[in-house]
Structure formats: C-alpha cells, structure tokens
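Input: a single structure, listed below in structure tokens.
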Amino acid sequence: MLYPLQTKTRDLIDLSGIWKFNFENEKEEMIAVPGSFNDQVVGHDKKNYVGNLIYQKDFLIKEEMLLNEIFLRFGSVTHVAKVYINNELVGTHKGGFTPFEFNINKYVKEGENRLKVIVSNKLDYTSLPVGNYSNENGQEKVDENFDFFNYAGIHRPVKLWIKPKQHIDDIVITYEVNKNNAKVSFDVKTNVENPKLKISILDEKNTVVSTDGVITNVRLWEPLNAYLYKAKVELLSNDGKVIDEYTEEFGIRTVEVRDNKFLINGKSFYFKGFGRHEDSYIHGRGLDEVLNVSDINRMKWLGANSFRTSHYPYSEEMMRLADREGFVVIDETTAVGLMANFGFDLIGTTEKKNTWEKINTKEAHEQVIRELIDRDKNYACVVMWSIANEPSTAEKGAYEYFEPLFKLARKLDKQKRPCTFANIMLAPVNKCLASSLCDVLCLNRYYGWYVNLGDLKVAREKMLEELNLWHEKYPNKPIMFTEYGVDTIAGIHDIDEMTPFSEEFQIEYYKMNEEVFDSLSYFIGEQTWNYADFQTKYGLFRVQGNKKGIFTRERNPKSIAKHLKNRWTMIPNYGYKELVLEKK
Ligand code: GCB
C-alpha cells in the first residue's frame, strides 16, 4: 500500500483537526484527530469507556475533484471503524494499527459532505490484541490481556487522496546486490490493463542513475547511515503523456541469518536498542511527530541503532523516519495477549489454560500479517518480522497455530526477511513448541526481576544456564533479548543498590545482563524493556503504569541512561562479538 503523498498528478487533503465526538447516546463534545480519546476527555468513566465512539467531520468536495478518483484514507483507527459518508455506509475495517482506504466517489457530492466514523474499542478473544470482554447489564468492559492501556480512537491521520482515474496502486521493490552493483525489480500494480510504465531511479541528489533497474556502484543503506534512492514511477498514456506519477523512496541492503549471526550487507550486526510503545501524555497512542523525532534523537544520543515495534505496527510516519535515519526495525504485528488469563507478573503455570482452544484469532492474525507486510515491504529499515509477542507457546496447539502464519509471512514478503516471535519466560527451551519456526530466537527475559528478585548472582547463573540450553538445541540460530528490564521510579535512590524500584538497582541489573551478553558469541543483540515509562491498566505491579523505562514518560533520562550511553557508544554496529570476545 502506498503512503499518501502529493505528486504532480495527485492531491492530498488532511482532515486532521477538531472533530465532533460523542459516546453512543451521549452529548457531543470536541476531540482532536489524530489522537486517543481517553486522555482528551476527563474522568475515570469516560477515560475507560468501552463501546462505540462517534466521530464526525464535514469536508468540502470541489467540482474538479469529482473528475478524479477520491480516496478516503485512514492511517489507523483503533480498533474497528465503520465509515459513513452522508449517512451511507462506505466500509468497515478491523484492526487498530494498519491503514485502509476507500474510494468514495459514489458517496460524495459537490459542496459539503459529512463524514461519520463509528469506532469500537472493544477487544475480545477474536481480536488482536486479545481482550477479556464482558457485558454485565449493558455495562461493557474490556480487561486488557496485555500490559499497556487500551488507548483508542482515530490514532493516525485521515486524508482525502485524489488520484487520477487511471492510477498506480502499488509498487513492490526487490533487488539483488552483486558486489558493487544492484539489480532492482519493480512490480507495479495499476488499475489499467497492460499499463505503459516508465521507471527511473534517482539518487539523493535527484540525478537519474538508472532506467533499467541496474545501479552501478550502489550506495547501500547502512544502520545509522541510511541512503535512500527514489523510484519514480510514471504511468503513461498511449501517446506518452504522464497520467499518474508516484515516487517511492527505498534503501538497498541485504539481510541474512547465518551461523549464529545476523548479517546486514554481509556483516554481523549487533542490535542495541529498545522495545518501545506509541505512548505519551494526553496524546495517548495518537500520532505525535514531535515525540517521534525526539525519541529517534534520544535513541541516537544513547548510541542505539534499533527498535522493535512492540506490540503493534507503528505509524507509517515513524517507519519513514526510521528508514531515513537508518534505524534497524523488528516489525511486529498486533498479536499480543495470546495467552488465556494473562497476568502482570509472568508467574503462574501455563498448564490447563487451553489458550489455543479458547482464542479465535487466526483470521485477525492473518489479516494483520497481510496488511503489515503490504504496508512496510519496501522499507530497508525493516530487517525482520515479529509474528507475535509472548504467545503461550508452551501449550499444546501452539505449533499448529503458528506454522501457517510463518508460512504466510514468508510467502508474502518478496524480500524474504527473517521471521521471529518474542518468546516468553514461561516457555523455555524444553517447553516452547514454536521456536523451531524462528530464524532468530528473540527472548523476553526478566532474571533478577520477576524471578530471583534481589539476587543478581543467582539470576546471572540461571540466565546463563537457560541461554546455553537454547544454544545447544538450536546451535545455528542467533539469540537476542527483545526485552529485559526492571521497574524503576525516577527519583528513588538507595545506598543498598539491590533495592527494587531504585535507580541504583536498575543499573546493577543492566550490568549483570550485559556481562552475560558479552560472554556469548551467539548473542546478537540487546533491546531493553522499555524505552520510556508507559501507561497500563491498573494493577498492583503498576505505579501509574509500567516504569521500566530508560526514560520517564516525559522523556527525561533516569540514571541508567548514562550507563547505557557509555556502553552503547562503544559498541560498533558491526563486528561487536568478534571484538569483545577477542578482548577476553
Ligand atoms: C513482557 C511483555 C510486555 C510487558 C513486560 C513487563 O514480557 O512483553 O508487554 O510490559 O513484560 O514489563 O512486564
């Protein structure tokens, strides 16, 4: 799916701003779009409302717009959108984190038109993420089956995208790199039979470097040193006039998993970075480009080179920033909460839960894999797909559930990126039934926090023991941590550095983890949990949310930030393991 841009042949109208808003059968108020509704309204009941949210906005259609194809495009609506124009149903979309668009020519007239979006924030055992839904005497509730607040609303921009009648629908980019040269292939989809196309590749100075897909002396996209070419695609009429034009930026890099290594451009890459959330004060999960830019800059300041889009596809705007800045991204679907009766503490047994009989998320899961790959397939920054976060893979049925989903992802991605999922502590090597499907073993581990709290010595031994067991079973699969961390309340200090929640303990915990990471040749990356503190549902383990951030929710650094900065600025993107093990 193409990102909405204005081009010589296309216009774009942004409907962001103040919209009319009401809860079903309640009075109208104002709401800003994009943004979560929850922290724009005031009061517990409103913030936690479950049901239909009604958004309305008037927009203008000019006569000349009707000569073209008018698309109404949503960056995302969380979680279900029913879209009406002038009271007629235009379409429905399920899944709160991927874009969708409808052709609306049939529904609009010249002059004023009324757009209405009925948004549902309901989650249940058929949706992703998974929620525990109840309805007692008309009182609807969703208890999140995951550890972040169920922010909802129109989270990303709404745009009118005016395209020519005959137009380009999509561009799929693949390439082969051979020494200094690359051969790029374009699969261009249009709504025209036998389209006449002209494709040129431009460099960053806008000089045409190729018209046949061959780039000599190719400049590769490198971590934190991105280079983006432009594919200018023109759809021509029989007499050679340009009917439609779209320019897609793209980087060229190779990705391969071989002998315990994650190779980018043939060199062994070390991931340093974060699991993050799209989360901030007031905006909730709504697109905030100021926040995105400042987060990218803070991550760079720390020496990070990567993040995972935990636990849902991030905004297209963030993906484009990452692509431009050279951030390496593990791109995750919305599949979180795939564990019956999830609790905060990761404690408890996985036996007798029957997750794979109880949940019915297959359809939603296939859809999000399709939509995510369709949206992000051309980004060089995306180096791996994460099919799920912490599914209950120790339970019978997990392999059967995941095998077809991995197959689907591998079939859809023409760039053949590696695939993985983030494994939960409750599914260690002798219990996890789905890890064989992964190209890289991504583990979320909390030794010294959820287990062995306050005894980092034992924690270290247990962690090392577990890692070595994974390596024994899968000697060729590289291993990384996609989560590790401890809740830390900024400003709490203690001379006893083993005191949980103190800034001192956070540092000790990280040091212990790092010593283990640095001793293992097959260990290829560390992504902390979390980049910043974030909002969750209420819980005895949560003090106004999850406090495992390296930064506070306001984006101020905790003491650990200095420590990480010192470490990460010394770790090169490539060849770290060779370097650190040689030193020993
Ligand atoms: C996890 C989850 C993440 C939680 C985190 C925690 O394993 O993947 O969503 O927020 O643990 O802090 O407990």
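The values are calculated or read from the model by the stated rules, or taken from the named source; none is laboratory data. None of these values were measured; they are calculated from a predicted model. Every residue, glycine among them, receives a Cβ derived from its backbone with ideal geometry; neighbour counts consider all protein chains shown. The protein model used for the area step is the full one, side chains on, heavy atoms only, and it has no ligands, DNA or RNA in it. Shrake-Rupley method; radii C 1.70, N 1.55, O 1.52, S 1.80 Å.
Do you know which of the residues in the stretch 33-65 that are open to solvent by 10 Å² or more (accessible area, probe 1.4 Å) and of a type in the set (S, T, N, Q) is farthest from G284 (Cα to Cα)?
Q56
Step by step: first the residues of the stretch 528-561, then only those that are closer than 16 Å to D295 by Cα and open to solvent by 40 Å² or more (accessible area, probe 1.4 Å), then the one that is nearest to the chain's Cα centre (by Cα). Which residue is that?
Step by step, filter the stretch 528-561, then rank; the result is E554.
Within the stretch 95-112, take every residue that is touching a helix residue (DSSP H, G or I) at 6+ places or on another chain (Cβ under 9 Å) and polar (S, T, N, Q) and give me the one that is least open to solvent (accessible area, probe 1.4 Å).
Here the residue is T98.
Within the stretch 484-519, work out how many residues are of a type in the set (D, E) and open to solvent by 40 Å² or more (accessible area, probe 1.4 Å).
First, the residues of the stretch 484-519 that are of a type in the set (D, E): 487, 494, 496-497, 503-504, 508, 514-515, 518.
With open to solvent by 40 Å² or more (accessible area, probe 1.4 Å) added as a condition, the list becomes 494, 496-497, 504, 508, 515.
The qualifying residues number 6.
May I ask you to list the residues in the stretch 123-147 that are part of a loop (DSSP other than H, G, I, E, B) and open to solvent by 60 Å² or more (accessible area, probe 1.4 Å)? Full working, then the answer.
Step one: of the stretch 123-147, the residues part of a loop (DSSP other than H, G, I, E, B) are 123-130, 137-138, 145-147.
Passing the criteria: T126, N137, G138.
Being touching a residue at least 40 places away in the same chain (Cβ under 8 Å), farther than 30 Å from M512 by Cβ, more than 16 Å from the ligand (Cβ to nearest atom) and not in a loop (DSSP other than H, G, I, E, B) narrows it down to one residue among V383, V368; which is it? Break it down stepwise before answering.
Values: V383 fails: farther than 30 Å from M512 by Cβ.
Result: V368 is the single residue among V383, V368 that is touching a residue at least 40 places away in the same chain (Cβ under 8 Å), farther than 30 Å from M512 by Cβ, more than 16 Å from the ligand (Cβ to nearest atom) and not in a loop (DSSP other than H, G, I, E, B).
Checking A335 against (1) open to solvent by 10 Å² or more (accessible area, probe 1.4 Å); (2) within 16 Å of the ligand (Cβ to nearest atom): exactly one of these is not met. Which one?
Against the list (1) open to solvent by 10 Å² or more (accessible area, probe 1.4 Å); (2) within 16 Å of the ligand (Cβ to nearest atom), A335 comes up short only on (1).
Among the residues of the stretch 386-403 satisfying the criterion of being of a type in the set (D, E) and away from the ligand (no atom under 16 Å from the Cβ), which is surrounded by the fewest Cβ atoms within 10 Å (Cβ to Cβ)?
Looking only at the stretch 386-403, we keep the residues that are of a type in the set (D, E), and these are 390, 395, 400, 403.
Of the ones still in play, those that are also away from the ligand (no atom under 16 Å from the Cβ) are 395, 400, 403.
Working: E395: 23, E400: 11, E403: 13.
Here the residue is E400.
Filter the stretch 315-332 down to the residues that are among the acidic types (D, E) and open to solvent by 10 Å² or more (accessible area, probe 1.4 Å) and list them by number. Steps first, answer last, please.
Filtering the stretch 315-332 for residues among the acidic types (D, E) gives 316-317, 323, 325, 331-332.
Listed by number, the residues that qualify are E317, E325.
If you scan the stretch 504-529, which residues turn out to be in the same structural domain as H277 (by the TED database) and under 16 Å from T552 (Cβ atoms)?
Matches in the stretch 504-529: T528, W529.
Return the only residue of C419, C432 being over 17 Å from the mean Cα position of the chain (by Cα) and surrounded by 19 or more Cβ atoms within 10 Å (Cβ to Cβ).
On the way: C419 fails: over 17 Å from the mean Cα position of the chain (by Cα).
None of the other options fit; the residue is C432.
Out of all the residues in the stretch 1-18, which are open to solvent by less than 40 Å² (accessible area, probe 1.4 Å), in a loop (DSSP other than H, G, I, E, B) and not hydroxyl-bearing (S, T, Y)?
The first filter runs over the stretch 1-18 and keeps only residues open to solvent by less than 40 Å² (accessible area, probe 1.4 Å), leaving 2-4, 7, 9-10, 15, 17.
Within this subset, residues satisfying the condition of being in a loop (DSSP other than H, G, I, E, B) are 2-4, 9, 15.
Answer for the stretch 1-18, where residues must be open to solvent by less than 40 Å² (accessible area, probe 1.4 Å), in a loop (DSSP other than H, G, I, E, B) and not hydroxyl-bearing (S, T, Y): L2, P4, L15.
Taking L426 as meeting all but one of (1) free of Cβ contacts under 8 Å to residues at least 40 places away in the same chain; (2) buried (at least 16 other Cβ atoms within 10 Å of the Cβ), write down the number of the exception.
For L426, the failing item is (1).
Is it true that some residue in the stretch 301-312 is touching a residue at least 40 places away in the same chain (Cβ under 8 Å) and either over 20 Å from T528 (Cβ atoms) or part of a helix (DSSP H, G or I) (or both)?
yes
Answer yes or no: is there a residue in the stretch 534-548 that is at pLDDT 95 or above, closer than 24 Å to Y270 by Cα, touching a strand residue (DSSP E or B) at 6+ places or on another chain (Cβ under 9 Å) and not assigned by the TED database to the domain that holds S268.
yes
Any idea which of Y312, Y246, Y281 is crowded, with 23+ Cβ neighbours inside 10 Å and more than 16 Å from the ligand (Cβ to nearest atom)? Show your work before the answer.
On the way: Y312 fails: more than 16 Å from the ligand (Cβ to nearest atom); Y281 fails: crowded, with 23+ Cβ neighbours inside 10 Å.
After applying the criteria, what remains is Y246.
On the given criteria, is N260 open to solvent by 10 Å² or more (accessible area, probe 1.4 Å) and in contact with a Pro (Cβ under 7 Å, 6 or more places away or on another chain)? Break it down stepwise before answering.
On the way: open to solvent by 10 Å² or more (accessible area, probe 1.4 Å): yes; in contact with a Pro (Cβ under 7 Å, 6 or more places away or on another chain): yes.
The answer is yes for N260.
From the set of residues in the stretch 66-94 that are in contact with a helix residue (DSSP H, G or I) (Cβ under 8 Å, 6 or more places away or on another chain) and farther than 17 Å from P157 by Cβ, which is least open to solvent (accessible area, probe 1.4 Å)? Step through it out loud before you land on a result.
Narrowing the stretch 66-94 to residues in contact with a helix residue (DSSP H, G or I) (Cβ under 8 Å, 6 or more places away or on another chain): 66, 69-70, 75, 85-86, 88, 90, 94.
Subsequent filtering for residues that are farther than 17 Å from P157 by Cβ retains 66, 69, 85-86, 88, 90, 94.
On the way: L66: 59, E69: 37, I85: 0, N86: 51, E88: 98, V90: 23, K94: 132 Å².
That would be I85.
If F149 meets every condition in (1) touching a Lys or Arg at 6+ places or on another chain (Cβ under 8 Å); (2) outside the structural domain of I118 (by the TED database) apart from one, which number is that one?
Tallying (1) touching a Lys or Arg at 6+ places or on another chain (Cβ under 8 Å); (2) outside the structural domain of I118 (by the TED database), F149 fails exactly one: (2).
When the residues of the stretch 216-243 are narrowed to those that are surrounded by fewer than 18 Cβ atoms within 10 Å (Cβ to Cβ) and among the β-branched types (V, I, T), which ends up farthest from the chain's Cα centre (by Cα)?
For the stretch 216-243, the residue satisfying everything is V242.
Cβ-Cβ distance below 7 Å, separation of 6 or more or different chains: which pairs start in the stretch 91-120 with a residue that is on the phi < 0 side of the Ramachandran plot and end on one that is open to solvent by 40 Å² or more (accessible area, probe 1.4 Å) and of a type in the set (S, T, Y)?
K116/Y84
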